[in-house]
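Report on one structure; see the data block that follows.
The values are calculated or read from the model by the stated rules, or taken from the named source; none is laboratory data. The structure displayed is predicted, hence computed values, not measured ones. Positions of Cβ are backbone-derived with ideal geometry, glycine not excepted, and every protein chain shown enters the neighbour counts.
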Amino acid sequence: MIEVQNLVKKYGDFTALHGISFKAKAGEILGFLGPNGAGKTTTMRILTGFMPPTSGVAKVAGHDIFDESLAAREKIGYLPETVPLYPDMTVQGYLEFMAELRHVPNRKKRTQEVLALVGMEHRAKSLIRSISKGMRQRVGLAQSLIHNPPVLILDEPTIGLDPAQVADLRSFIRDLRTQHTVMFSTHILSEAEQICDRVVIINRGQIVAQGAPRELRSKLNLGSRIYVEARGRADQKALVNTLSKVQGVKFAEPYQNGVVVNVKDNKDVRPALAAAVIENGLELLELRPVAITLEEIFLEVTTALGAEEDA
Amino acid sequence: MRNIWTVYKREIRQYFVSPIAYLVMFAVLLLIGLNFNTDLQDRANFEPADGTVVLSTFAFLMVFFAPLLTMRLFAEETREGTLELMLTMPIRDHELVIGKFLGAWAFYSIMLAVTLVYQGILLALTNFDASPAPLQSELDLGPIIGGYIGIWLFSGATIAIGMFFSAMTENQIIAGFLSMAVLFILWVGDLAGLLPASIVSTRVAEALRVISLQSHYSTSFLEGVVRPEDVYFYAGVMFIMLFVTTRLIESRRWR
């Protein structure tokens, strides 16, 4: 649905994108991940036809975004980072205007549908200037869905929302997957891990890693981790020493009331760890795997890249 | 066409919900009314009635009030971030520009149409002996009809110029101030010939007069003469300004 090849964007002397390539299949949620200023918004603006790339090809739903711009734009629903609303219009008036611009047949009915979808029916007649930030975000989202586009591009949709609203929005985006290809950007890594089928990590205009969150984890060979908590006469330090010696363990470090053990090559060392604890006369209280978060993957790849560049 | 209509409808509706539009309309109509009244008093039983006073006042006020209504057209959308969305809609840039222009022009046309009330008053005064202050002779309709056509075209040109400045900056105040200054210069350019030749050479004065917005209605439309060259002039100003504005909007994509 989305196809990007060797996209380069230069603003004067500054190169925002150094030839990035990625794809998103139909019905996929693609997380676009990176720190601020990495080139996320630039990429999205190119994909939505807001601005052309310096070089490279971008296709949405089979249409080249530059050569068949209008056809491509019809297939896209876009929510920019600053939610584009007219404060003097009512929620309903705004959505009907957007529907008209998008040539949606049966505008009134469709407007009611999307209002229901984002749960804003009760504020349909309110002026946009009078509704809260979270509601504005929902109206913005409704706007991007009004023409039922095959591709949705959302630029940092969860920014500035309270935790409950963020959770709501995330589950909403997950539900969209059945009918839409969703590409959304974020710099919150756990967010991408939660919702995305695939993640593209971008930094300084370059893609540093891409794949399914799970795939990324194994690709980067981070191994797995296990949290062990035990009770007995030995202190935390002793436990660290004991567990480090178990075969297959890369290293162990104290964490909260217990110890986190880093394992080489995804070996299952749980029985050996349990045995080691008991052999030392300790009572095993807890033994559970700790998921490696995208935060860590992200830090790993970006610092690795930074080190390469510095070298 | 359809997209232009969509943009146009929103734009004209926007004027009727914005306080500044009502303020401008109030101020313009009040000032025209005062001027009309004074002029009428001066002429009563003395000179024939002149319907073009309303029009020349309207034109003069446009120089200062048109920018107040055109300054928001693009500047506001740029600042609010809605322009980014508009430029990713399946509409062409020129459709957006033309739609906005027509919306603003329509609002002015409504304002201009309201001044027809004064022509009605003049008609009543000149045609009914029973009226309290009968004016001498009949009302000359030629300059009035010509005048409305001319001032309508003139207002289109001022709006096109104002919109151009609105597309140049995201600051409404700057947009408004720049268009006010430019409109004023283009409007008084007509009078450059009155300055001594040592300050402004006759050739420069003539050039200024030719591009002056005022000279193309004051000596033709307001006399009841519709000259093609004046129509072309205003149509040309509108066309060029719309074209340049479209290019300006397009250029945002390249920044």
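For the range B:229-251, does any single residue satisfy the condition of being within 14 Å of chain A (Cβ to nearest Cβ), of a type outside the set (A, V, I, L, M) and in a helix (DSSP H, G or I)? Quick ask: steps written out before the conclusion?
In the first step, residues of the range B:229-251 are kept if they are within 14 Å of chain A (Cβ to nearest Cβ); the result is B:249-251.
Filter once more, keeping what is of a type outside the set (A, V, I, L, M): B:250-251.
Narrowing the set further to residues that are in a helix (DSSP H, G or I) leaves B:250-251.
Yes, the range B:229-251 contains at least one residue that is within 14 Å of chain A (Cβ to nearest Cβ), of a type outside the set (A, V, I, L, M) and in a helix (DSSP H, G or I).
Pairs under 8 Å by beta carbon, first residue farther than 17 Å from B:T158 by Cβ and without any contact (Cβ under 8 Å) to a residue 24 or more places away in the chain in the range B:191-216, partner exposed (fewer than 14 other Cβ atoms within 10 Å of the Cβ) and among the hydroxyl-bearing types (S, T, Y), six or more apart or different chains?
Pairs found: B:G193/B:T202.
Pairs please, first residue from the range B:36-48 and more than 15 Å from B:D140 (Cβ to Cβ), second anywhere and in a helix (DSSP H, G or I) and hydroxyl-bearing (S, T, Y), Cβ atoms under 7 Å, 6+ apart in sequence or on different chains.
Hits for this filter: B:F36/B:Y118.
Within the range A:226-249, can one find any residue that is at pLDDT 80 or above, surrounded by 17 or more Cβ atoms within 10 Å (Cβ to Cβ), within 30 Å of the chain's Cα centre (by Cα) and under 29 Å from A:S190 (Cβ atoms)?
Checked the range A:226-249: at least one residue is at pLDDT 80 or above, surrounded by 17 or more Cβ atoms within 10 Å (Cβ to Cβ), within 30 Å of the chain's Cα centre (by Cα) and under 29 Å from A:S190 (Cβ atoms).
Given the residues A:E81, A:E68, which is the only one that is facing chain B (nearest Cβ under 9 Å) and on the phi < 0 side of the Ramachandran plot? Full working, then the answer.
Details: A:E68 fails: facing chain B (nearest Cβ under 9 Å).
Only one candidate qualifies: A:E81.
I need the full set of residues from the range B:186-223 which are of a type in the set (S, T, N, Q) and under 15 Å from the mean Cα position of the chain (by Cα), in order please.
Going through the range B:186-223, the residues of a type in the set (S, T, N, Q) turn out to be B:198, B:201-202, B:212, B:214-215, B:218-220.
Passing the criteria: B:S212, B:Q214, B:S215, B:S218.
Inside the range A:178-212, can you point out the residues that are touching a residue at least 60 places away in the same chain (Cβ under 8 Å), under 20 Å from A:Q5 (Cα atoms) and among the small types (G, A, S)?
Answer for the range A:178-212, where residues must be touching a residue at least 60 places away in the same chain (Cβ under 8 Å), under 20 Å from A:Q5 (Cα atoms) and among the small types (G, A, S): A:S185, A:G205, A:A209.
Can you find, within the range A:21-38, the residue that is farthest from A:N148 (Cα to Cα) among those that are of a type outside the set (G, A, S) and buried (at least 22 other Cβ atoms within 10 Å of the Cβ)?
Narrowing the range A:21-38 to residues of a type outside the set (G, A, S): A:22-23, A:25, A:28-30, A:32-33, A:35-36.
Those still in the list that are buried (at least 22 other Cβ atoms within 10 Å of the Cβ) too: A:30, A:32-33.
Numbers: A:L30: 18, A:F32: 22, A:L33: 25 Å.
Filtering the range A:21-38 for residues that are of a type outside the set (G, A, S) and buried (at least 22 other Cβ atoms within 10 Å of the Cβ), the one farthest from A:N148 (Cα to Cα) comes out as A:L33.
Against the conditions (1) without any contact (Cβ under 8 Å) to a residue 24 or more places away in the chain; (2) not in a helix (DSSP H, G or I), where does A:D175 fall short? Just the number, please.
So A:D175 meets the others, but not (2).
For the subset of the range A:3-19 comprising residues that are in contact (Cβ under 8 Å) with a residue 12 or more places away in the chain and more than 20 Å from A:D67 (Cβ to Cβ), which member is surrounded by the most Cβ atoms within 10 Å (Cβ to Cβ)?
Only one residue tops the list, namely A:A16.
Between residues in the range A:259-287 that are of a type in the set (G, A, S) and residues that are surrounded by 15 or more Cβ atoms within 10 Å (Cβ to Cβ) and in a helix (DSSP H, G or I), which pairs lie under 9 Å by C-beta distance while being six or more apart or on different chains?
A:A276/A:T242; A:A276/A:L243
Say we look at the range A:159-176 and pick out the residues that are of a type in the set (V, I, T) and at pLDDT 85 or above; which of these is farthest from A:M44 (Cα to Cα)?
Residues of the range A:159-176 that are of a type in the set (V, I, T), as a first pass: A:159, A:166, A:173.
Filter again for at pLDDT 85 or above, leaving A:166, A:173.
Working: A:V166: 21, A:I173: 17 Å.
Here the answer is A:V166.
Can you tell me which residue is nearest to A:T42 (Cα to Cα) among those in the range B:74-85 that are within 13 Å of another protein chain (Cβ to nearest Cβ) and either buried (at least 19 other Cβ atoms within 10 Å of the Cβ) or among the hydroxyl-bearing types (S, T, Y) (or both)?
Start the filter on the range B:74-85 by keeping residues that are within 13 Å of another protein chain (Cβ to nearest Cβ), which leaves B:76-85.
Filter again for either buried (at least 19 other Cβ atoms within 10 Å of the Cβ) or among the hydroxyl-bearing types (S, T, Y) (or both), leaving B:76-78, B:82-85.
Values: B:E76: 22, B:E77: 20, B:T78: 17, B:T82: 17, B:L83: 16, B:E84: 12, B:L85: 14 Å.
My answer is B:E84.
Do any residues in the range B:1-25 that are more than 8 Å from chain A (Cβ to nearest Cβ) have Cβ atoms under 8 Å from those of residues that are among the hydroxyl-bearing types (S, T, Y), where the two are at least six apart or on different chains, and which pairs are they?
Hits for this filter: B:A21/B:Y15.
List every residue pair whose Cβ atoms sit under 7 Å apart, with the two residues 6 or more apart in sequence or on different chains, where the first one lies in the range A:96-117 and is within 14 Å of chain B (Cβ to nearest Cβ) and the second, anywhere, is among the hydroxyl-bearing types (S, T, Y).
These pairs meet every condition: A:E96/A:T111; A:A99/A:T111; A:E100/B:T6; A:L101/B:T6.
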